[in-house]
Structures are given as structure tokens and as C-alpha cells.
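Working notes, beginning with the structure itself.
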Amino acid sequence: MHRMLAAALTALIAAALAVGAALGVVAALDTTPEQPNVPLVSFDRAGE
């Protein structure tokens, strides 16, 4: 019974850490500013 409780607690802690890490990654991605979508090279089209 003691091993079952230890295994359940380990799984619960691992799941909580995984959820916390996922939320941390999402929060970090939300705080980074969005990069402008400006092309580095542009080609002029003479016929248009």
C-alpha cells in the first residue's frame, strides 16, 4: 500500500509540474512582442 501511495503522489507531482511548465511556456510566448512581417528583399514588377 505504501508503494501505491508513493507512485500516486509521484504521478500527481509529475502531472502538476508538466501543467506548470506548459503554462509557463504559453505565458512566455504571449509576452514576447510579435515580429513585423516585412520582407528582406522585394522585387519590383515593371509590368503591373
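Miscellaneous remarks
So that you can scan it fast, the table gives a plain yes or no per residue for (1) out of contact with any strand residue (DSSP E or B) (no Cβ under 7 Å at 6 or more places or on another chain); (2) of a type in the set (A, V, I, L, M, F, W, C); (3) at pLDDT below 95:
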{"position": "Arg3", "(1), (2), (3)": "yes, no, no"}
{"position": "Ala8", "(1), (2), (3)": "yes, yes, no"}
{"position": "Ala11", "(1), (2), (3)": "yes, yes, no"}
{"position": "Ala15", "(1), (2), (3)": "yes, yes, no"}
{"position": "Leu23", "(1), (2), (3)": "yes, yes, no"}
{"position": "Leu29", "(1), (2), (3)": "yes, yes, yes"}
{"position": "Pro36", "(1), (2), (3)": "yes, no, yes"}
{"position": "Ser42", "(1), (2), (3)": "yes, no, yes"}
{"position": "Ala46", "(1), (2), (3)": "yes, yes, yes"}
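- Here region 1-41 is the region considered, the condition is being β-branched (Val, Ile, Thr) and assigned to a helix (DSSP H, G or I), and the residue that is surrounded by the fewest Cβ atoms within 10 Å (Cβ to Cβ) is Thr31.
The values are calculated or read from the model by the stated rules, or taken from the named source; none is laboratory data. Keep in mind that this is a model prediction, so the values were computed, not measured. So basically every Cβ, Gly included, is an ideal-geometry build from the backbone, and we count neighbours across all protein chains shown.
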